[in-house]
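What follows is a short report on a single structure.
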Amino acid sequence: MAPVAADNAYSGVQPVAPKQVHTTVWALAESHFRQAQQLYKTSRTTTPTDGGWKASVMAGLTCLYSVVRLCESPKDQVKYFGQVLVLDADTEAKTRLRIAQVLGDWGEGLSNRDDDFDDEEERQLKRALMSVPNADRYTETKYAIIATHCRLLLRRGERGWAEQRIKSAF
């Protein structure tokens, strides 16, 4: 088999260091979400074809779920990177929080049933709260998770649960 020519489209791409992989994938996910916002804005002013923005949101969510999978599975880390990455619990918590935020913002338009994405949003928030460390430097992440959970409860019309959730946080 002949070697691949050095002037192909990927020759200028530098490999990502294993410790930077999650930030690179986060950036890719955010670019998909920005693209979804642009496509959604243009679809509201033109013909109602909504497949483009939905595909962008789903692509961004896929990126975030891949980071969660890397946090959970050291075997995949060795398989893809040749070593175990040190992705801390805060990385997992922030990634799950972002998944929940995206599901809260876009979930209604992605599914015919509201409760599909509400249940997944709540599951991600609970797992994020379990994975965030109990150290003072993680309080911002912890309170962001609780605030997002309260917004979900209010959106569902469960005001009493939201108030109880806020009280239990302090």
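Assorted remarks:
- Some residue of region 32-44 being open to solvent by less than 30 Å² (accessible area, probe 1.4 Å), within 29 Å of Glu140 (Cβ to Cβ) and modelled with pLDDT of 65 or more: yes
- Residue match in region 11-23 (condition: open to solvent by 60 Å² or more (accessible area, probe 1.4 Å) and either at pLDDT 85 or above or within 13 Å of the chain's Cα centre (by Cα) (or both)): yes
- Filtered by the rule that a residue be in contact (Cβ under 8 Å) with a residue 60 or more places away in the chain, under 18 Å from Lys54 (Cβ atoms) and within 11 Å of the chain's Cα centre (by Cα), region 24-41 gives Ala29, Phe33.
- Considering region 118-136, the residues that are open to solvent by 40 Å² or more (accessible area, probe 1.4 Å) and assigned to a helix (DSSP H, G or I) include one that is farthest from Leu153 (Cα to Cα), namely Asp136.
- Residue in region 151-163 that is open to solvent by less than 90 Å² (accessible area, probe 1.4 Å) and within 20 Å of the chain's Cα centre (by Cα) present: yes
- None of Cys71, Cys63 is open to solvent by less than 60 Å² (accessible area, probe 1.4 Å), in a helix (DSSP H, G or I), at pLDDT below 85 and out of contact with any Lys or Arg (no Cβ under 6 Å at 6 or more places or on another chain) except Cys71.
The values are calculated or read from the model by the stated rules, or taken from the named source; none is laboratory data. Everything numeric here is computed off the predicted structure, so don't read it as measured data. In this analysis, Cβ positions are derived from the backbone assuming ideal geometry, glycine residues included, and neighbour counts consider all displayed protein chains. Note: areas computed on protein heavy atoms with side chains; ligands, DNA, RNA excluded. Shrake-Rupley method; radii C 1.70, N 1.55, O 1.52, S 1.80 Å.
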